[in-house]
Amino acid sequence: MATSTREIKRRIQSVKNTQQITRAMEMVAAAKLRRAEQRVKNNRPYIHHLRQFIARVLAFSPPIRHPLLWESEENIAPMKGYLVITSDRGLCGGYNSNLLRRISQEIEDPSVSNIMVLGRRGRDYFKRRGYPIAYEQIYLEDYPAWEDIREVGVQMLQMFEEGVFGELYLVYNEFINALQQRQIITRLLPLMPPGEDELPEFDETLYFSYEPGAEEVLNGLLPRYFYSSIYAAVLEAKASEFGARMSAMKSATNNADDMIEELTQTYNQARQAAITQELLEIVNSAEALRQSD
């Protein structure tokens, strides 16, 4: 019985050591989440107003043809591309698994799809299943810079122009709050002209002129909007990752509390049984000595 109590004490200490790690990881994730969440909130208005401005240019200008805009299905290559944003590290609950399961269900035929991955977890997932990976980048910074993500966008545009894929879909976790993320699959290329419901309020008495011209303005804005959309998705994904990891580590810490309480009860019961056994042995020995006298 003594050996059993020593083993239980070792298990209790092991769980306590693990709990210290999960609590520290929870605190680190919470600190990173605050900064990442602020970056998301600061970036959302920029993307919104940039799209509104593009909508205004397209709506109140002569028809404009641009290689990034949706024009006709005849010009679309058969291959589809998916830019999937995952984390490099695990221990973040269902953050990666839910997203990867969703995109696996979305891809009907891997042989006519190209996978581009940001994040080691996504790369490993697709490699194990034999999906073709046309582009990968792992070990992104916790707070990625615009210039780094722009380089990813440049690669995507080059592949689009070379006909590697005819449509590009962006796959990521949208940040809602620390406990909730939403899996998003949205088409990024060709860019869809905004619908009427997306047009900003417009005063018909006003007239806008663009210098040197609306087409030249779009030539500068559309690539920037494309890069900014990828950058915004990465910011959303990073905030979602930190929120998911904080939540997962908090649950692990709470579970450790429950395990310690249960093991402590088991230890006390085992110790009490050992003491009772020792008392019985003493009483039996005393009784045997008395009878021998």
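The values are calculated or read from the model by the stated rules, or taken from the named source; none is laboratory data. The shown structure was predicted, so the numbers you read here are calculated from the model rather than taken from an experiment. Quick reminder, even Gly has a Cβ in these numbers, built from the backbone with ideal geometry, and neighbours come from all protein chains shown.
Residue under question is R245, and the condition is that it be at pLDDT below 90 and assigned to a helix (DSSP H, G or I); does it hold?
It is false that R245 is at pLDDT below 90 and assigned to a helix (DSSP H, G or I).
Keeping to the stretch 102-121, report how many residues are β-branched (V, I, T) and closer than 15 Å to N173 by Cα.
Counting residues in the stretch 102-121 that are β-branched (V, I, T) and closer than 15 Å to N173 by Cα gives 2.
Whether any residue in the stretch 216-223 is in a helix (DSSP H, G or I), free of Cβ contacts under 8 Å to residues at least 24 places away in the same chain and in the same structural domain as F53 (by TED's automatic domain parsing) is what I want to check.
Scanning the stretch 216-223 turns up at least one residue that is in a helix (DSSP H, G or I), free of Cβ contacts under 8 Å to residues at least 24 places away in the same chain and in the same structural domain as F53 (by TED's automatic domain parsing).
State yes or no: is R271 of a type in the set (D, E, K, R) and either surrounded by 17 or more Cβ atoms within 10 Å (Cβ to Cβ) or modelled with pLDDT of 85 or more (or both)?
no
Tell me which residues, restricted to the stretch 248-259, are in contact with a helix residue (DSSP H, G or I) (Cβ under 6 Å, 6 or more places away or on another chain) and either surrounded by 18 or more Cβ atoms within 10 Å (Cβ to Cβ) or at pLDDT below 85 (or both).
Passing the criteria: M249, K250, A252, T253, A256.
Which of the residues spanning the stretch 124-138 are surrounded by fewer than 21 Cβ atoms within 10 Å (Cβ to Cβ) and assigned to a helix (DSSP H, G or I)?
Matches in the stretch 124-138: D124, K127, R128.
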